Amino acid sequence: MALIHVDFYAESLDLATSMTVVLPQEGPTPPPVLYLLHGLTDDHTAWTRYTSIERYAYDHKLAVVMPQVHRSFYADEAHGMRFWTFLSDELPRVVQRFFNVSQKREETFVAGLSMGGYGAFKWALRQPERFAAAVSLSGALDVAWLQKNDDRPHIREVMDRVFADRDTAGTDDDLFHLLERADKATLPRLMLRCGTGDHLFEQNERFVHACARAGLPLDSEFEPGGHEWSFWDRHIPRALDFISKG
């Protein structure tokens, strides 16, 4: 496997940014690709620092793209930068220019943890034609609830900067709204994992129930664990198994 740190200029951000990329040296050419998203307090290096993602990707002959999006909630920020535009439009084009990875829907996947779990499901639900599967680990899945009810100072700062006074409920930033509009026939396969001791557990439970009400298939499991890297390192190999089984 090759581990590559890429610094490049993002037009949609008007800013130099970075991504970490894992590329297989053996296997199919071009290889299938996973966009793997980081959480609120992490960056594009976190998955390689705290898990064995490079080793896990080797077993699946899978390219992994890990972009830097700061504390953006993968949104076009009200007072900041256009990170949704960067993620959903510019980043795939940049990856295709730089690397020979698959462009086939059936070989393109997205996953993430915490804020990145939200980003992965938002991307998959808003652009289902792009992905074969999406995975959320301990996702911050109910952004409308966070916006209205989470009074922790760092969450308030993020919500105010990213969404300002715009109510996200019922918009394309609201996963529950996206589920109501989702087409079962075109939806990527979805997987959700969260620990029962995680502070986001109830949000994940609500998402599971919402999928059930909408009649949308979801591979979901809860087990003991918190909002921690030991949980995510244990479950990311299972996520790779899920996306690879087709």
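Here are some notes:
- Remark: relative contact order (region 82-198) = 27 percent; criterion is Cα-Cα distance under 8 angstrom and separation of 6 or more residues.
- 3J(HN,Hα) along region 231-244, derived from phi through the Karplus expression 6.51 cos²θ - 1.76 cosθ + 1.60 where θ = phi - 60°, amounts to 5, 5, 5, 6, 9, 5, x, 5, 5, 5, 4, 5, 5, 7 Hz, with x in place of Gly and Pro.
- Gaussian network model of the chain, Cα within-10 Å springs - most flexible of LEU36, LEU62, LEU216: LEU216
- Fewest-first sequence of VAL101, VAL69 by Cβ atoms within 10 Å of each Cβ: VAL101, VAL69
- Vicinal HN-Hα couplings computed from phi for region 64-72 (Karplus, 6.51 cos²θ - 1.76 cosθ + 1.60; Hz; Gly/Pro x): 10, 10, 10, x, 9, 10, 6, 9, 9
- Top positive-direction residue, dipole computed over the chain with Cβ charges, set ALA134, ALA214, ILE243: ILE243
- Beta bridges by DSSP in region 2-244, antiparallel share as percent, to the nearest 5: 40 percent
- Its relative contact order, with pairs defined as Cα atoms under 8 Å and 6+ residues apart, puts the chain at 18 percent.
- Using the Cβ of ALA46 as centre and a radius below 15 Å, the other residues enclosed give a net charge of -3, where K and R count +1 and D and E count -1.
- Amide proton proximity set for HIS227, modelled H, under 5 Å, gap of 5+: HIS199
- Rounded Å value of the spacing that divides the Cα centres of region 156-233 and region 1-73: 22 Å
- GNM result for the chain, Cα springs below 10 Å: residue of ARG71, ARG206, ARG97 fluctuating most strongly: ARG97
- Residues whose amide H falls under 5 Å from that of ASP76, counting only those 5 or more places apart or on a different chain, are PHE83, TRP84, THR85, with hydrogens built in the peptide plane.
- Mean sequence separation of contacting Cα pairs (under 8 Å, at least six apart), scaled by the length of region 71-151, corresponds to a relative contact order of 24 percent.
- Applying the Karplus relation 6.51 cos²θ - 1.76 cosθ + 1.60 with θ = phi - 60° to region 88-93 yields 3J(HN,Hα) values of 7, 10, 6, 4, x, 5 Hz, where x marks Gly and Pro.
Read-outs throughout are calculated quantities, based only on the coordinates presented, and are distinct from any laboratory measurement. Computed from a prediction, not measured in an experiment: that's the story for all the values here. Using ideal geometry, Cβ is built from the backbone for each residue, glycine included, and neighbour counts are taken over all protein chains shown.
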